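The values are calculated or read from the model by the stated rules, or taken from the named source; none is laboratory data. Just so it is clear, the structure is predicted and the values come from calculations on it, not from any experiment. Here the Cβ positions follow ideal geometry from the backbone for every residue, glycine too, while neighbour counts run over all protein chains shown. When the accessible area is computed, the model is the full protein with side chains, heavy atoms only, and any ligands, DNA or RNA have been set aside. Shrake-Rupley method; radii C 1.70, N 1.55, O 1.52, S 1.80 Å.
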Amino acid sequence: MMRFATFSLLTTTCLVSSLSLAQAADLYDTPVMEPAPMMDVAPVSSGWTGLYLGVQGGGAFNPDDPDDVALRPNGFPFAGSVIQGAFGSNFDSNFDSSFIGGAHIGYDYQIDNVVLGVVADINAVDVSRSSNADSSTPAFYRTNRSLDYLGTVRARAGYLVTPTTLGYVTGGLAYGEVDYSFSTNSPAARGANPAPIVNDDEDDFGYTVGAGMEVMFTENMSFGAEYQYVNLGGSGFTRLSGGPFSGGVGGSTDFVVDDDFDFHTVTAKISYKFN
């Protein structure tokens, strides 16, 4: 009896031990689920230092009409002459707006949140401004100044509103070929002796100032908008001599345009930066 009880106790102990070992083995073999690794998202580069190329396009305009043509008998702006009496107050002027577009190249250098750089661009444009006079003959007299292309070489200085958003100011040299012309349907002017003298004293160089905003939307690409005020200065006149253009005292009459050739531009641009 004693032997049977001892054998049963040993058997029970062995079974319990076997079950414990089996459960431990099952727990050891069960795979542990780990969270999936997060995918790395490459951030947009915040570095602005480097050479860049791009294109731009927009509009060129001037909301203010240019000065009217001025009549200067014998070269002086005095009133009451015969020729000025023939014109009275029949003067007007206008500015013709245009599309503007071209390409640019530049280099920026970033110092903390400040970006300094230089940029040059060349644009096709077709702006013009005319000043008109109409006499009681009747006859018309037209002066016209036009611009076919515009280039600038500018410095720019900006501040990073965010690592990828740049606000900046810009300014520098502006240049282009300003053409001056004069036309009339007056038989007296066409047959004037001596012939009309056209003095094209237009400047090809001036200045520009402006501001803009640019956003870098990939590591190498940026998009922006820019405003510029352009002033090419200059003046021009046409001199008619003899007959009714003698000013009543002999001599000549100048049809003068002496206000600056200036306008505004607003453009959108896209650029590629080389790393």
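Shape of the range 155-275 from its Cα gyration tensor (a ≥ b ≥ c, root eigenvalues): rounded if a/c is under 1.5, otherwise prolate when a/b > b/c, or oblate? Can you show the working numbers first?
Values: a/c = 5.02, a/b = 4.04, b/c = 1.24.
Prolate, because a/c is 1.5 or more and a/b exceeds b/c.
Less than 10 Å Cβ to Cβ from A225, Lys/Arg counted +1 and Asp/Glu -1: what total charge do the surrounding residues give?
Details: positive: K269; negative: E214, E226.
Taking every other residue near A225 into account, the sum is -1.
For the range 48-132, what is the per residue volume of the convex hull drawn over the alpha-carbon atoms, in cubic angstrom? If you can, show how the numbers build up before the last one.
On the way: hull volume 13.9 nm³, N = 85.
Convex hull of Cα atoms, per residue: 164 Å³.
Solvent-accessible area of R239, probe 1.4 Å, all protein chains present, reported in Å² to the nearest ten, please.
80
Highest first, please rank the peptides 98-104, 160-166 by the mean number of other Cβ atoms sitting within 10 Å of their residues.
Working: 98-104: 17.9, 160-166: 16.0.
Result, highest mean first: 98-104, 160-166.
Want the number for V82 to N231: 0.36 nm per residue separation, take away the alpha-carbon distance, what's left?
Numbers: separation 149, 0.36 × 149 = 53.64 nm, distance 3.53 nm.
Full-extension gain reported as 50.1 nm.
Suppose every K and R has +1 on its Cβ and every D and E has -1 on its Cβ; what is the size of the dipole of the range 64-111 about the Cα centre, in Debye to the nearest 20? Before the final figure, lay out the partial values.
On the way: 1 positive and 7 negative charges, 56 e Å.
Computed charge dipole of the range 64-111: roughly 260 debye.
With all protein chains present, how much of the accessible area of the range 104-263 (probe radius 1.4 Å) comes from carbon and sulfur, to the nearest whole percent?
Working: 4100 of 6910 Å².
Carbon and sulfur atoms account for 59 percent of the accessible area of the range 104-263.
Rounded to two decimals, what is Rg over Rh for the range 219-270 when you use alpha-carbon atoms and the Kirkwood radius?
Values: Rg = 22.0 Å, Rh = 14.9 Å.
Taking Rg over the Kirkwood Rh, I get 1.47.
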